[in-house]
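Input: a single structure, listed below in structure tokens.
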Amino acid sequence: MKKIGLVGAGWVTQHHLDGYKALKDRVQVQAIADPSEAARNARAQAYGIPRTYPSVEAMLASERLDAVDVACPREYHVPVCLAVAGKGLPMLCQKPLAPTLAEAEKLVADIGNRARLMVHENWRFRPHYRLMKRWIDEGRIGKIHQGMMIILASALVPDAQGKMWAVERQPYFAGEKRLLVAESAIHQIDTMRYLMGPLVLEKAHIGAPEHGLKGEGRCMLMMSVPNGPPCVLVADFGAHGRPQSQFDHVELIGEKGSIRFMNNVVELFGPTPERVEVDLDANYKASYRDTIAHFLERLDDGKPFETSPEDNFGTLRIVEGAYAAGFQRRG
């Protein structure tokens, strides 16, 4: 039974804790650290966490842990991860690993061999994406010619009172200068890398902040696998008429067939067609559970993490490149 310390008590931690609850025969969250006494106590009471602390340092000084789950805001990832590394404990750190690629690279260099580190990039662990990857690996669509992902939502469309659903759900969105790409589309970038291979950025456009936000709410990224197929990602959270929550639409076109994920259906077209209906809510929960399960399995067998920092650098390079290119042409 692995004993885990959780750092953070914000919105996303409910999903982490649901994942641990689903794996209760293998792991136990023993303590939670967060500067907000009300937030950490609420999480502790809801999930039966024995002890709470105002800081990661206090938790590390008092608890005997097997690993730490870092789920605090991105600007605190570096000092928290370094504190955990100082104790030699393995850690699972929410994406993005750090606010910028340079900070993430320095963090990994500073940790060195003192502790194992996995990036909590859960989107690719959604069961429907694991299914799509299996179809690709089985050669059922042949060589991929091109890929596309579209994410449209009304999450940043103000209502009659001027409130935006995404900001109401996660208030820190209002102050983030790097918003859609760094906070949300980073998931889809990583997922398309998982499905298609080592993508690199070719061109990017990032929209200007709107509705009093400091960061962007839309983007268009043109990527490609080196000497391979192109990939386009379009995201807009200001799309009137769309649901508030984001839903991915993916098309992968190959020489022998195609894969399409739209609404709640994954379809394989070609010589051996398949159609699978997806429970999106269940798969969302499963992605946290399966990310944590992978972390635990790699702790047991010592094999590399699928979402290692080195792999995640590929995603962060695209994010960083998008801002470098896109901010010069905002509009």
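None of the figures in this text is laboratory data; all of them are computed from the coordinates on show. Model, not experiment: these values are computed from the prediction. Note: ideal-geometry Cβ built from the backbone for every residue, glycine included; neighbour counts use all protein chains shown.
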Rg from C-alpha atoms of the range 2-120, normalised by the globular rule of thumb 2.2 N^0.38 Å, equals 0.98
Longest principal axis of the chain (C-alpha) makes with the long axis of helix 309-326 (C-alpha) an angle, in degrees to the nearest 10, of 60
Entries of 24/95; 2/285; 3/87; 95/285; 3/95; 177/303 with Cα pairs more than 26 Å apart
177/303
Give the relative contact order (percent, whole number) for the range 124-329; include only Cα pairs under 8 Å separated by 6+ residues.
29
Angle, helix 13-22 long axis vs. longest principal axis of the chain, Cα atoms, 0 to 90°, nearest 10?
80
Hull shadow area, averaged, the chain [alpha-carbon convex hull, nm²]
17.2
Put +1 on the Cβ of each Lys and Arg and -1 on the Cβ of each Asp and Glu in the chain; which of 245, 123, 280 then has its Cα farthest toward the positive end of the dipole?
123
Which ³J(HN,Hα) values, rounded to whole Hz and listed in residue order, are derived for the range 241-246 from phi using the Karplus coefficients 6.51, -1.76 and 1.60 in 6.51 cos²θ - 1.76 cosθ + 1.60 with θ = phi - 60°, glycine and proline given as x?
x, 9, x, 5, 6, 7
Between the alpha-carbon centers of the range 44-115 and the range 180-207, tell me the distance in whole angstrom.
25
Counting only DSSP beta bridges with both residues in the chain, what percent are antiparallel, rounded to the nearest 5?
55
With the Cα gyration tensor of the range 35-101 giving a ≥ b ≥ c as the square roots of its eigenvalues, does the rule (a/c under 1.5 for rounded; else a/b larger than b/c for prolate; else oblate) give rounded, prolate or oblate?
oblate
